[in-house]
1. Just to confirm my filter: which strands (runs of 3 or more DSSP E) fall fully inside the range 98-186 and include at least 3 residues that are among the small types (G, A, S)?
2. From the list L5, L101, pick out the single residue that is over 30 Å from K141 (Cα atoms) and either in contact with a helix residue (DSSP H, G or I) (Cβ under 6 Å, 6 or more places away or on another chain) or crowded, with 23+ Cβ neighbours inside 10 Å (or both).
3. I need the full set of residues from the range 55-91 which are of a type outside the set (S, T, Y), assigned to a helix (DSSP H, G or I) and open to solvent by 30 Å² or more (accessible area, probe 1.4 Å), in order please.
4. Pick out the one residue from L22, L31, L52 that is in a helix (DSSP H, G or I) and farther than 16 Å from I10 by Cα.
5. Would it be correct to say that V126 is in contact (Cβ under 8 Å) with a residue 24 or more places away in the chain and either open to solvent by 30 Å² or more (accessible area, probe 1.4 Å) or over 20 Å from H86 (Cα atoms) (or both)?
Amino acid sequence: MNNNLLQYLITDPKYYSNDKDLFKKNLEKVLKNKKVDMACFRDKESKNFNTLAEVFVQTCKEFNIKEILINSNYSLAHALGATGVHLTSKQFDEIKEAKKLNLYTIISCHTFHDIEKALNSYCNAVTYSPIFDTPNKGEPKGITTLKEAISLYEDIDIFALGGIVNQEHVEQVSKTKACGFASIRYFI
């Protein structure tokens, strides 16, 4: 069992709100109640993205979160003093720009080919998903395929993502050599 499994929180306005005060309050509650090693601000719908991202970065700094990431926007991550960026699976051509800004760079991967591209682009890490069943994300890869990805691409940190909602899922991931797991709902 991997006891050094990093726990990577990803936000979603559905659970955190896009009201900046309520967002901060909800984020603080999660950070007080759960172990969080890394955190990513992800919001694909709110009009006040930059304001919420700023609140997110400041709050994570108050809680001494080691890696503080902004989803997809490496310029904003750099401007706000975040430590990194989590790029989408459509942003492989932007890895180099993020790395130029000295940002910890993680990218979403859904195939072994994606992981190989990330490795060849000197990404720090990848999320590989979906591992378990999750709404609108396609067929789950499962633990066996996750283990296969980890053994094939041992030169890059791989985080399990997708459908990780409870301790049983975390325990299954911890029996692999995954660097960690990423989740929205597990932390709520």
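The values are calculated or read from the model by the stated rules, or taken from the named source; none is laboratory data. Just so you know, these numbers come straight off a predicted model, no measurement behind them. Reconstructed Cβ throughout: ideal geometry from the backbone, glycine too, with neighbour counts over all protein chains shown. Heavy atoms of the whole protein, side chains included, go into the accessibility calculation; ligands, DNA and RNA do not. Shrake-Rupley method; radii C 1.70, N 1.55, O 1.52, S 1.80 Å.
1. Those strands (runs of 3 or more DSSP E) span 180-183.
2. On inspection, the qualifying residue turns out to be L101.
3. Answer for the range 55-91, where residues must be of a type outside the set (S, T, Y), assigned to a helix (DSSP H, G or I) and open to solvent by 30 Å² or more (accessible area, probe 1.4 Å): Q58, K61, E62, H78, A79, L80.
4. L22
5. Criteria not met by V126.
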